[in-house]
Amino acid sequence: MNIVDGILAHAQTRPHAGAFVLIDGQVVTYGALDMLVRRAAARGLALGLTAGNVVAMRIGGADEALGLIVALGLARIGVATCDFSVPPRHISAALLAPGESAPDVPRHFPLDASWLTGPESLATSHPGDNALFRIFATSGTTGLPRFCPVTHAIMAARVAATGHPIARTSFPPVVLCALGLDGNWAMRVVLATLTGGGTIVFSNAASLLRTLVQQRVTTLVTSPAVLQSILANMAPDQPAPPDLKSIIAGGSRLPEPLWQIASRRLCPEIVSTFGASETSVVAMGRYELLASVPRSVGVLEPGAAAQAVDDAHQPLPPGAQGQIRVRTPGDIAGYLDNPEATAATFRDGWFYTGDIGAVTANGHLVITGRAIEIINHGGMKISPRVVEDVLLIVPEIAQAAAFGVPDDQGIVQVWAAVVTNAPIDGDALQRMCVAKLGELAPKFIIQMPDLPRNGNGKVMTHILVDTAKQHYQSGKRPLSAS
């Protein structure tokens, strides 16, 4: 099955229903979307693109609706898409928005409104199935790019799982996805919404709050960092969007203080999801129900399995901590051109997430840290989460990330980066950390305007490490140092 077929089927049954609401408020119906996707498909064929080609393009650019329609048009004719980080040897052509530089690939074409004009493709859609739909880039927190080839069949399985939280809202759902559409999680949400006959609302940071109200959005899909920004832009007396029924948060676990504020000011139903670019949704649940299980990221979804295993890859009993491995209907088989990472991450039909945690007897997936992030400070090992939890106690700290950086003698020191919402006394902060963490307190704490995150909202630790190294080299004084 071609992943686009389920979307365009609504053009026959509900042609006048809204598929998109653009930033200017214009509504694109399912009938119009069908026409635009067919025009984009015809344009791709006219340019010589054929089934099996891979086209690099930015879907989550300045005009997300245009990028999405073109990507759907190409998928309809069996042409896959990817972002510009995929090695050029895999790319047949690149679509460039105005001002974008051209990667080293054989063909380049402009990505502009001309894709939505001209004749419509009358050809039947490509069967899809095991053909590539999109190559998603993922780095987790390692900073080393890995590429996930996702077929139409795999994406269909993911859409079926992702549709579950969206289907809880009133039908048809009106969804605003405040995440870049180049990422796997955002693309799943959009495809699930459209396959289910819902409406995708496009917005930008400046008008997001207004859009939630004006377009009667029922579901907001976001990351903790974006949610924090939304709340920061709300006036103290601003009422909650009246039609908002659900907030779905992914990328990382929502800190409890942020959840409390968001549930009071925006919407009481906040859903946590846990998954990866390599898998479908693994676990989910309402935050208020997860609060009773410390660090639960959700309850295992139907069809998903998870285990905590020891160093010999043997399953541990419920509640025991180990490496987390998962299995879902939407798993990929391995990474593109990376047999070493594939062998290390995909074993015996399981995907090893890189997380440390446990699975409780009643199906809660508990994440306590990342195996690859454990900071080894002179033989003392500490999870960054322990440091971050202490920092986030401080009301002036809105975001925090802990990480390890080798000093001039090669000894890994504990560092932390914080984003504050008010002035803070660095020395007092350091003393508090020492009092609560002792020798494991961060040696250096640096203040940043924001934490660097990838498209799924996860902190990119390698950028923080580079920033810390610059402090070492320049001799700049951090916010605090011990």
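The values are calculated or read from the model by the stated rules, or taken from the named source; none is laboratory data. Keep in mind that what you see is a predicted model, and the values were worked out from it rather than measured. We place every Cβ from the backbone using ideal geometry, glycine too, and count neighbours over all the protein chains shown.
Criterion applied to 236, 241, 257, 172 was being out of contact with any Asp or Glu (no Cβ under 9 Å at 6 or more places or on another chain), surrounded by 20 or more Cβ atoms within 10 Å (Cβ to Cβ), in the same structural domain as residue 24 (by TED's automatic domain parsing) and not polar (S, T, N, Q), and the one residue passing it is 241. Out of all the residues in the range 202-215, is one or more at positive phi and part of a loop (DSSP other than H, G, I, E, B)? No, the range 202-215 contains no residue that is at positive phi and part of a loop (DSSP other than H, G, I, E, B).
Looking at 199, 218, 211 in this structure, which one is assigned by TED's automatic domain parsing to the domain that holds residue 275 and out of contact with any Ser or Thr (no Cβ under 6 Å at 6 or more places or on another chain)?
Selected residue: 199, the only one of 199, 218, 211 that is assigned by TED's automatic domain parsing to the domain that holds residue 275 and out of contact with any Ser or Thr (no Cβ under 6 Å at 6 or more places or on another chain).
Of all the numbered requirements in (1) closer than 24 Å to residue 461 by Cα; (2) touching a residue at least 40 places away in the same chain (Cβ under 8 Å); (3) buried (at least 16 other Cβ atoms within 10 Å of the Cβ), residue 267 misses one, and that requirement is (1).
Going through (1) assigned by TED's automatic domain parsing to the domain that holds residue 138; (2) under 30 Å from residue 411 (Cβ atoms); (3) surrounded by 20 or more Cβ atoms within 10 Å (Cβ to Cβ) one by one, residue 351 falls short only on (2).
In this entry, residue 49 is excluded by the filter for residues that are assigned by TED's automatic domain parsing to the domain that holds residue 201, crowded, with 20+ Cβ neighbours inside 10 Å and not in a loop (DSSP other than H, G, I, E, B). If you check 422, 435 for being surrounded by fewer than 17 Cβ atoms within 10 Å (Cβ to Cβ) and part of a helix (DSSP H, G or I), only one passes: 435. If you go through the range 291-321 and pick out every residue that is within 15 Å of residue 259 (Cβ to Cβ), modelled with pLDDT of 90 or more and more than 19 Å from the chain's Cα centre (by Cα), you end up with 1.
Scanning the range 438-463 for residues that are under 30 Å from residue 136 (Cβ atoms) and in a helix (DSSP H, G or I) gives 461, 462, 463.
Matching residues to (1) under 19 Å from residue 347 (Cβ atoms); (2) surrounded by 24 or more Cβ atoms within 10 Å (Cβ to Cβ):
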{"position": "280", "(1), (2)": "yes, yes"}
{"position": "286", "(1), (2)": "no, no"}
{"position": "289", "(1), (2)": "no, no"}
{"position": "299", "(1), (2)": "no, no"}
{"position": "305", "(1), (2)": "yes, no"}
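Residues that are outside any helix (DSSP H, G or I) and of a type in the set (Val, Ile, Thr) within the range 216-244 comprise 217, 218, 219, 221, 222, listed in sequence order. Taking the condition among the β-branched types (Val, Ile, Thr) and assigned to a helix (DSSP H, G or I), does residue 28 pass? Criteria not met by residue 28.
Kindly indicate whether any position in the range 44-62 is at pLDDT below 95 and over 20 Å from residue 149 (Cβ atoms). Yes, there is a match, as at least one residue in the range 44-62 is at pLDDT below 95 and over 20 Å from residue 149 (Cβ atoms). Restricted to the range 212-223, and to residues there that are crowded, with 22+ Cβ neighbours inside 10 Å and not hydrophobic (A, V, I, L, M, F, W, C), the residue that is nearest to residue 176 (Cα to Cα) is 219. If you take the residues in the range 165-187 that are touching a Ser or Thr at 6+ places or on another chain (Cβ under 8 Å), assigned to a loop (DSSP other than H, G, I, E, B) and farther than 21 Å from residue 23 by Cβ, which one is modelled with the highest pLDDT? Step by step, filter the range 165-187, then rank; the result is 170. Given the options 343, 283, 262, name the one that is in the same structural domain as residue 154 (by TED's automatic domain parsing), within 21 Å of residue 368 (Cα to Cα) and at pLDDT 90 or above. Going through 343, 283, 262 in turn, the sole match is 283.
The residues in the range 137-163 that are at pLDDT below 85, under 24 Å from residue 302 (Cβ atoms) and either of a type outside the set (Gly, Ala, Ser) or not assigned by TED's automatic domain parsing to the domain that holds residue 342 (or both) can be counted, and the count is 1.
Screening residue 479 with (1) modelled with pLDDT under 80; (2) of a type in the set (A, V, I, L, M); (3) surrounded by fewer than 15 Cβ atoms within 10 Å (Cβ to Cβ) gives one miss only, at (3). Checked against the criteria, residue 349 does not count as in contact with a helix residue (DSSP H, G or I) (Cβ under 9 Å, 6 or more places away or on another chain) and closer than 28 Å to residue 159 by Cα.
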